[in-house]
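Some notes on the structure that comes next.
The values are calculated or read from the model by the stated rules, or taken from the named source; none is laboratory data. Note that the structure is a prediction, hence the values are computed from the model and not measured. Glycine also receives a Cβ, built like all others from the backbone with ideal geometry; neighbour counts cover every protein chain displayed.
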Amino acid sequence: MRASSNDENQPDVMPLLERQSFLDQLQDAFELAASGCGRVVLISGEAGIGKTALVDVFTAIAEAEGARVLQGACDALTTPRPHGPLLDIARAAGGRFKALVEGRPERERMFGIFLDELERRGPQTVIVIEDAHWADDGTLDLLRFLGRRLKNTTALLIATYRDDELSSDHPLRGVLADISRAAVHRLRLPRLSETAVQELAGRAGLSHGDLYTLTSGNPFYVTEVLAAGGEGIPPSVQDAVLARAALLDGSAKRILDAVSLSPPSLERWVLDSVVESDGEEVKACLATGTLVSVDGSLAFRHELARQAWKDTVDQSRARDLHAGILRALREAGDHAAGVSRLVHHAAGAEDGESLLSLAPQAGAEAAALGAHREAAAHYALALNRADALEPSARAELLEALSRECSLIGDSERASQLLTDALEIRRSLGDVGKQSEAERGLARLAWYQGDAPAARRHTRAAIEVVEPLGDSRELARAYSAWSQVLMSADESTDAIEWGLTALAMARELDDVETVVHALTNIGGSKLKLGDPEGRDPLEESYRLAVEYGLHDDTARAGLNLGETTGDWREARRAEAYLDETIRFCTDRDMDPYALCGMGHRALMRLWTGDWTAAADDAQFVLGHSSAPPGLRIFPLLVLGRLRARRGDSGVWEALDEARDVADRTEELQRIATVVPARAEAAWLTGRGDAVAEEVRAAHQLALQGTNPWWIGELAYWLWRAGDPVEAPESAAQPYALQINGQSAEAAEVWKRMGFPFEQALALTESDDADAAREGLQIFHRLGARRVADVVAAHLKARGVDRLPRGPRARTRSNPANLTRRQEQVLGFLADGLSNPEIARRLRISRKTVEHHVSAVLAKLGAGSRGEAAAIARDLDSG
Amino acid sequence: MARYLIERTFPDGLAIPINADGAASCCAVVKGNAESDVTWVHSYVTPDRKRTFCIYDAPNPEAIRRAGELNGLPVDRVTEVRVLDPYFYW
């Protein structure tokens, strides 16, 4: 809500001091955005520092230059309205945008509508979202959504927030971190200098010696003091506000009372029904500048002023006013006010009955809009007064609150609430709801890595409804059980139970359970090595996409990627993971995207793209919302990379990976972490320390069905000197290596596209040339420590003429081309074709093609012609 | 954030002239480093200019390698280090 610039209402509008450089920065961002590269500006500072004032001046300039300004502010309500700012913006923008948003579409569509609005050709748009420290979850998601996608629009997004209200775990911090660094400008507004304060005092025709010291240069405080006039300086902001209002009489002050309890403003008609007054008192409030008029409502000049006044209103008066406002809003009908606002007043009026009916409603509305923290707050409010509720309603409230708590990451509280709900359901004999609660507890236990508890609860979910025959709950419980079995690697049973669940779900037309069961069946089949497992997974994926079941789409996609990866089909797995990660990133489904990236890191490690592997791994580990289980793969990838390269931090990563993996009790995790530790132990001379661990893991793997896990663990035992024979079930290349057929093994690895494993096999060969080739591959990959260790072994064996290291790279070669690539570029620039270059350099045409693509990539050229031009520049420059 | 020692090998010898070009080179390296949150503290060079030992502050070894790739600088090994100064003991 913006104050009108009518001088009558604003006797103290003054030009901004010491803000010119910030205005300049805003102008820069504005112009950069106009060139087609959307920008985000974050304006922060303490309360009263003048963020709104700065924004107002800038938006006036922007409008004068033809831009369209859309503004929304986050509420200071006890619990803010979900998507409050977005709704305000849509309402102000009007037209199609307003109509679409008011149709209350689902959240994702709403964000999409907003983005469409920005991408439409037309005037440049400036979006302002104020007081983001009060943002509800929905608005936080909107900020993240827009922040990530503005790059290709001409829009400028300005968000203001109070940085002194941002505790270290405030959700806004996470959002600010997620928005890309490149397109974000940060403006932090400082307090006024002594000179500025003196100038303001001078303009007001006053001279206050101590003004600067007392106010510390806070602009709001300064203006309040100067407006109050008079002698002496009020010792606090609150006193300053009260001083300004001191000129008003009793009945006018009652108006201030009412307005202070209704952030951000109070409609005139509501005011009239709670406070008797004639127009004169209102005029007096406006005249003194204590209140301002905005679109037919009254508001304090600044949130600080409202707070200051609110604190002076005594308890019983506040209760009465809140009750009066609530009554007036309710009588006016459903659209008079959002339910969040009604809850705010019901809470203030301590009206338990109203709260009990309004709060759950507000909670449901917030949940539907994805504002989960707000939904939780509303439900909790209702729960506090739920003693009088009948048990099943109370249980419903507990279940709703538990759901929200688990969505905001408070799984402990979620478990506690659900356990309470379960008790009630049990005493009521409501077996359907009991089963649902047990499944919820199982899911929570799984997130916390407590596998035994997950198992227990799922069993209970089945037992409680099984006696009653087929039902949705039973189908879901069976499907949940098949998932438990799948994680525990009991794949055959998992399939059986999955099929039972599937049949029942199809009968009952429960698409969600059909999708869930198909995922478990497909995933388990793939785990057993049955390639037909791909079909149910792909069907599950397709159905999930069709029915808009986002969670299930992500699950199916991740399952496809993970299980394909378990079978070492690295490239195919990476393709599945790429698609799933993109799907999840588009919808800001961060936890799933992170899970996918963790697995993709391993795929990239295997295919030799170590830089990209490290990128994925570091991204996941650096992300705050990654639960412990997601860290396993990134940690083991980094551990392996550091061991191979000779970098620090090997055991730091691998010890944590092992601890977390052990707690999950899942074979897939243990079987991927332990070989990494075995390899690192070999490289860092710690063989003895991990020997037991590797033997134990090998035994475990033998009880499972994955030949790769069996093979790799057997291989490392063999390498460490254990008298082990290649198990029947071991995967081919590993079995070959253990049997001494390294050359054949190397061929297999080469066909699979696993350069590191290929190189290990080569260096195990008796053939000196093969060994040298292997060493060369280690050099190419940058596996320095491996190369050193292996070179030492080879020398001891008597192999000479060992290749020494990667080609020379000097700083004087700005494009960082190898010598060979420079030669190729030279011929290319002279206009030679690939076959001609191949002839000149006496290498194969395929090799030339490979060099040419590398050169184009390094130069960032799209064609040979471009590369030639760049080469000429490099030569002359 | 931790401190790391980076070993680099320049088979042809590192050449950073003490003139405007050299300064520009260093500037470019510093800028490239910033993209990965990596800070160059200082470096030691062997007389034949073929090996350098660089002290860097960085969040992890991978960030250093990333910056190295961006700047076209070779990275042999990255080791975490702490300072040990005889004067600590007085």
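Touching a residue at least 40 places away in the same chain (Cβ under 8 Å) and more than 10 Å from every other protein chain (Cβ to nearest Cβ): which single residue out of B:ILE6, B:ILE55 fits that description?
B:ILE55
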Consider A:ALA33 carefully, then state whether it is aliphatic (A, V, I, L, M), farther than 27 Å from A:ALA346 by Cβ and crowded, with 19+ Cβ neighbours inside 10 Å.
-> yes
Residue by residue through the stretch A:621-639, note down the ones that are under 24 Å from A:ARG443 (Cβ atoms), away from chain B (no Cβ under 12 Å), of a type outside the set (Lys, Arg) and not in a loop (DSSP other than H, G, I, E, B).
-> A:PRO628, A:GLY629, A:LEU630, A:ILE632, A:PHE633
Condition check for B:GLU62: at the interface with chain A (Cβ under 10 Å from one of its Cβ atoms), charged (D, E, K, R), touching a helix residue (DSSP H, G or I) at 6+ places or on another chain (Cβ under 9 Å) and within 30 Å of A:ARG804 (Cα to Cα) | yes
Counting only residues that are under 40 Å from the mean Cα position of the chain (by Cα) and surrounded by 19 or more Cβ atoms within 10 Å (Cβ to Cβ), how many does the stretch A:223-257 have?
-> 1
From the options A:GLU539, A:GLU512, A:GLU546, residue that is among the acidic types (Asp, Glu) and more than 27 Å from the chain's Cα centre (by Cα) | A:GLU539
Considering residues of the stretch A:210-222 that are at pLDDT 85 or above and out of contact with any Ser or Thr (no Cβ under 9 Å at 6 or more places or on another chain) only, the residue surrounded by the most Cβ atoms within 10 Å (Cβ to Cβ) = A:PRO219
Picked from the stretch B:69-90 (must be at the interface with chain A (Cβ under 10 Å from one of its Cβ atoms) and free of Cβ contacts under 8 Å to residues at least 24 places away in the same chain), the residue surrounded by the most Cβ atoms within 10 Å (Cβ to Cβ) is B:GLY72
Wholly within the stretch A:732-803, which helices (runs of 4 or more DSSP H) include no fewer than the required count, namely at least 2 residues that are among the small types (Gly, Ala, Ser) and surrounded by 22 or more Cβ atoms within 10 Å (Cβ to Cβ)?
-> A:742-752, A:755-763, A:768-781
Kindly indicate the residue of the stretch A:1-44 that is under 19 Å from A:ALA159 (Cα atoms) and in a loop (DSSP other than H, G, I, E, B) and also modelled with the lowest pLDDT among those meeting that condition.
-> A:MET1
Subset of the stretch A:433-479, residues of a type in the set (Gly, Ala, Ser), part of a helix (DSSP H, G or I) and either closer than 17 Å to A:ARG403 by Cα or modelled with pLDDT under 95 (or both), comes to A:SER435, A:ALA437, A:GLY440, A:ALA442, A:ALA445, A:ALA451, A:ALA453, A:ALA454
Go through (1) under 27 Å from A:ALA368 (Cα atoms); (2) free of Cβ contacts under 8 Å to residues at least 60 places away in the same chain; (3) within 41 Å of the chain's Cα centre (by Cα) one by one and return the number of the condition A:VAL343 breaks.
-> (2)
Qualifying residues in the stretch B:27-52 (those that are over 11 Å from the mean Cα position of the chain (by Cα) and exposed (fewer than 14 other Cβ atoms within 10 Å of the Cβ)) - the one nearest to the other protein chains (Cβ to nearest Cβ) = B:ALA34
